[in-house]
Amino acid sequence: MKSAVETLNPTRVRLTVEVPFEELKPSLDAAYQKINQQVTVPGFRKGKIPARVIDQRFGRAAVLEETVNDALPRFYTQAVDESKIDVLGQPDITDIKGVEDLDKNGLTFIAEVDVRPEIVLPSFEDIEVEVDPIEVTDEDVEKSLEQLRERFASVKDVERAAAAGDIVVIDLEAKVDGEVPEDGTASGVSYEIGSGRLLDGIDEAVVGLSAGESKAFTTELKGGTQAGQSAEVTATVTTVQEKELPALDDEFAQLASEFDTLDALREDSRGRLGRMKEFDQATQAQERVLDALLAKVEIEYPEKLLKDEIETRKHNLEHHQLQPIGQTLETYLAAQGKSREEFDQETEDAAKKGIKTQFVLDAIVGKEEVGVSQEELTEHLIRRAAGSGLTPDQFAQQLVQGGQVPMLVGEVARGKALALVVEAATVKDTTGKEINFDEEDETAETVEAATEETVAETATDEA
């Protein structure tokens, strides 16, 4: 076999492949064998029909066509390997010649395919970013304790008008253009006044209402078939409930935790908040380092890959996120206050960032020879499984069946690559304190875990 590579542009090449007949003999034999298993000829056992009989009965052209179908993928792959090009996606095969007289002239074909653009990596030490400092204030601690008190709150029915902080049980009816849609009513909705978890304007409507009283207000619907539409909503209060919070004392500490005193609970809350802020700071560092890294790299985007990624993102939004909740893209955009042009641009920008992230981090993986151990892969699998709602075994089985294990390995490798960049970069908080992510520091593990998750969300899968 002979092959030649022609560069069409920085992200696309043309392969011209010539295969002599001698090298097509295995594919020709496979073609006869396949046809042998599919047809029946009187006087011959299935699978034992001579080649000359197959030619006579079904035509040499059918055999040669099957030969080409078997040979093309194999010789295309061989040409790619010999040319040492890093291809993306499936090729466009054209100009297939020689099918009619394969035994005389052999086979020639042309394959055009996208390739990875060349990546010139910057010096990681030149990257500088700023992050928020780790500060746990007394106010933070008290807020955490208040949230804990809320979890242990009790409620009781009261015979009075509803006030801020109360919980009301309400029936809702929405009218759009004077008509109540199919999903325009809801009964027995429990709502805490002031939480902001329902509809805009609901707080003002129900404050001051007693059980059995109603009030109408105009608002924009947030979900359902009429999401984004203006509606007149009538709220009818059926029950008013008052929350009772437990006293913040040692008895509460014993009820809500393993600690005997409020002071011990408060100190534990301070430490827990500190660890959370450390993780938030590490996440912020890797996000900003990634953005700074990408800003220092210029790439050409493979046209077909970019187009496919944009379409995939739009398809996933419409069919996997919006349709299950009864929304269309139009109602979603209306609720978001975005035009179709803004949405298209945001989707393209996100697709470009995903592709660029993968290309750049893969280049670092190659340059730094980043490897992935079985332990690292297992830890990442467990984290991904937790986010999917599946057990690790179920998630792993799903990956194996879908042939997606290499994708998971890539996520871990890219996460480690970005962690290397974060360690090399200069990271300071807004007070000027330099943050070090050394390999032996526990914070480095935090960064590595955080980067794997961000890379998994940001990067795109190659076809």
Charge dipole magnitude, Cβ of K and R +1, D and E -1 - the range 32-79, Cα centre, debye nearest 20:
280 debye
If the chain between residue 94 and residue 163 were fully stretched, how many nm would it gain, using 0.36 nm times the residue separation less the Cα-Cα distance?
17.5 nm
Extended-chain gain in nm, criterion 0.36 nm per residue less alpha-carbon gap, residue 213 and residue 77
41.6 nm
Go ahead and estimate [θ] at 222 nm for the chain from helices alone: -39,500 (n - 2.57) per DSSP H run with n ≥ 4, summed, over the residue count, rounded to 500.
-16000 deg cm²/dmol
Put +1 on the Cβ of each Lys and Arg and -1 on the Cβ of each Asp and Glu in the chain; which of 190, 44, 329 then has its Cα farthest toward the positive end of the dipole?
44
Starting from the Cα gyration tensor of the range 299-421, take the square roots of the eigenvalues, sort them a ≥ b ≥ c, and report rounded, prolate or oblate (rounded when a/c is under 1.5, otherwise prolate if a/b is larger than b/c, else oblate).
oblate
If you average the alpha carbon positions of the range 11-45 and of the range 274-298, how far apart do those two centres end up, in angstrom?
53 Å
What list of ³J(HN,Hα) couplings, whole Hz, do you get for the range 310-316 from phi and the Karplus terms 6.51, -1.76, 1.60, once you set θ to phi - 60° and write x for glycine and proline?
4, 5, 5, 5, 5, 4, 4
What GluC sites (Glu not before Pro) does the range 178-275 have in DSSP loop regions with at most 10 other beta carbons within 10 Å?
182, 258
Proximal charge balance of residue 171 [Cβ under 13 Å; K/R count +1, D/E count -1]:
-1
If the cut-off is a Cα-Cα distance under 27 Å, which lysines reach residue 25, setting aside same-chain residues fewer than 8 apart in sequence?
2, 34, 46, 48, 84, 97, 104
Working from the pairwise distances between different alpha carbons, so that the mean of 1/r is found and then inverted, what is the range 133-247's Kirkwood radius in Å?
15.7 Å
Size of charge dipole - the chain - debye, nearest 20, with Cβ of Lys, Arg +1 and Asp, Glu -1, no other charges
3060 debye
Cleavage-rule hits (GluC sites (Glu not before Pro)) in the range 95-173: DSSP loop, at most 14 neighbouring Cβ within 10 angstrom
100, 118, 135, 159
Setting aside same-chain residues fewer than 8 positions from residue 353, which lysines have a Cα under 20 Å from its Cα?
296, 304, 307, 314, 416
Need one number: nm distance between label points at residue 388 and residue 303, each 7 Å from Cα along Cα→Cβ, rounded to one decimal.
3.6 nm
Just tell me which lysines come within less than 26 Å, Cα to Cα, of residue 175; anything on the same chain fewer than 8 places away is out.
215, 222, 338
Just add up the charged neighbours of residue 1: K/R +1, D/E -1, any other residue whose Cβ is under 12 Å from the Cβ of residue 1.
-3
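Just so you know, all these numbers are worked out from the coordinates, no wet-lab data involved. Keep in mind that this is a model prediction, so the values were computed, not measured. No Cβ is skipped: glycine too gets one built from the backbone with ideal geometry, and neighbour counts run over all protein chains shown.
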